[in-house]
Amino acid sequence: MTNNRRGSAMVMILAIAIILNVTLLAFFFATRHTNKASGARRIDVTSLNIAEAGKEHILAQLRNREIRPTPSQTDSVVYSDLPFASGTYSVRYSTNARNDTITIYSTGKTDNDSARIEVIALLTPLTWRNWVKGAVTSPNNVESNGNIEIDGRDHDPTGALLPFGGTFGVSCGGLATIQGSSLMGGGTTPPQPATIEGETVESNIDITGYPTTPEEVLGLPPDALDGFITSGCPTPPISGITYIDEDSHCGDFTGSGVLIIHNDAGDANMGNFYGDFKGLVIADEDKHVNDYSEILGAVILIGRKLGGNVFGNGDARIHYSSIMVEQAIKDAYDIAGKRWAIPVVSWREVK
């Protein structure tokens, strides 16, 4: 009887030992799998963090304009296997045709593992509020005369009409009127001999907060452009920022960039404009855009005097180009040494 009890006890002990061994073995394998998975996740997170560092590097250089994208760039390599922490990152980017959006691809690598992210951001000057509402924008009345053509449909840098975009021919705080054989177009409507409210022209706009200085137009600090003021007539072709603080009857303004005709009284007159200019014109008042002159971009008037501005004395053209306006403003920021905002609008991890 005693032997039977001892045998039963031994069997029970053996069974318990087997159960414990199986349990311990299962726990060992479960722990090993968890540790392995955690290690893989740590590597993955580290690679992702390194990719993020690459993204922040290029964003900082974009904001400081150390990198200056151009339209329609494709897969431009910025950094290739740049060392960072325990790994490296590689960054490249592409831009759209308008050069107002950038797509950034950043890859982080570590321990033979990698993570890749795609970020879409906007290329925007820091504090610019767009007051350019038409090919011609004014707080007062605007009148066209002669054979001038004011067209708010969008054009590319060569002057070719684009199949999309566009704005008003004239946007003003007063009334837009057509005289002589002049024409106004805008939106999707070709230049017409009569105004079409809400399409080719926009009258009686709200001018609350309307800019009265070129700095306010461009979103720059007060007096930021004083160092560019010159007296007398510039020698064409002009470029960059051209700033005249008196009535201008210089004639030839052929060139590009930002042309400013403004004084503290707000009554500097852009009279008898000649030449072909691409970019943004900021003037207190306008008298005539003459002959076969062409402005490709936009004109914004900021004068404080009540009354009107007359455009036209010949076969001149003022054709809106959003690309030329945006480029002129970006160049002004670069020249004035100001930072850009580069807001990120999309982020995703690419597997």
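Just a few scattered comments:
- Net charge over other residues, Cβ less than 14 angstrom from the Cβ of residue 181 (K, R count +1; D, E count -1): -2
- The alpha-carbon of residue 338 sits under 18 angstrom from the alpha-carbons of these aspartates and glutamates, leaving out residues fewer than 8 places away in its chain: 66, 100, 215, 216, 223, 226, 326.
- Applying the criteria of a DSSP loop state and at most 15 other Cβ atoms within 10 Å to the chymotrypsin sites (Phe, Trp or Tyr not before Pro) of region 226-330 yields 292.
- Cβ crowding within 10 Å averaged over residues, with 171-182, 133-144 ranked highest first: 133-144, 171-182
- The relative contact order of region 115-219 comes to 28 percent, based on Cα pairs under 8 Å that sit 6 or more residues apart.
- Of every Cα-Cα pair in region 285-351, the percent that sits beyond 19 Å: 58
- Loop-located trypsin sites (Lys or Arg not before Pro) in region 273-343 (DSSP state other than H, G, I, E, B) with a sparse environment of at most 14 neighbouring Cβ atoms within 10 Å: 304, 305, 339.
- Placed amide H near residue 96: partners under 5 Å, 5+ positions off or other chain: 72, 101
- Cα centroid separation, region 53-119 to region 126-198 (Å): 39
- In order along region 315-324, the Karplus-derived 3J(HN,Hα) couplings, from 6.51 cos²θ - 1.76 cosθ + 1.60 at θ = phi - 60°, round to 9, 6, 10, 10, 10, 6, 9, 4, 5, 5 Hz, and Gly and Pro are given as x.
- With contacts taken as Cα pairs under 8 Å and at least 6 residues apart, region 134-336 reaches a relative contact order of 24 percent.
- Calculated FRET value between residue 345 and residue 60, using beta carbons and R₀ = 22 Å, to 0.05: 0.80
- Shape call, region 134-336: gyration tensor on alpha carbons, a/c limit 1.5: rounded
- Listed by chain and number, the lysines whose alpha-carbon sits under 19 Å from that of residue 133, ignoring those within fewer than 8 places in the same chain, are 278, 330.
- Partners for residue 351 among lysines (Cα-Cα distance below 24 Å; same-chain residues under 8 apart left out): 36, 55, 109
- Prolate/oblate/rounded call for region 118-190, Cα gyration tensor, a/c under 1.5 rounded: oblate
- Close amide H partners of residue 78, meaning residues 5 or more places away or on another chain with modelled amide H under 5 Å apart, are 91, 92, 93.
Read the figures in this text as sums done on the coordinates, not as results from a lab. Small disclaimer: the values here were computed from a predicted structure and weren't measured. Please note: Cβ atoms are built from the backbone with ideal geometry, for glycine as well, and neighbour counts cover all protein chains shown.
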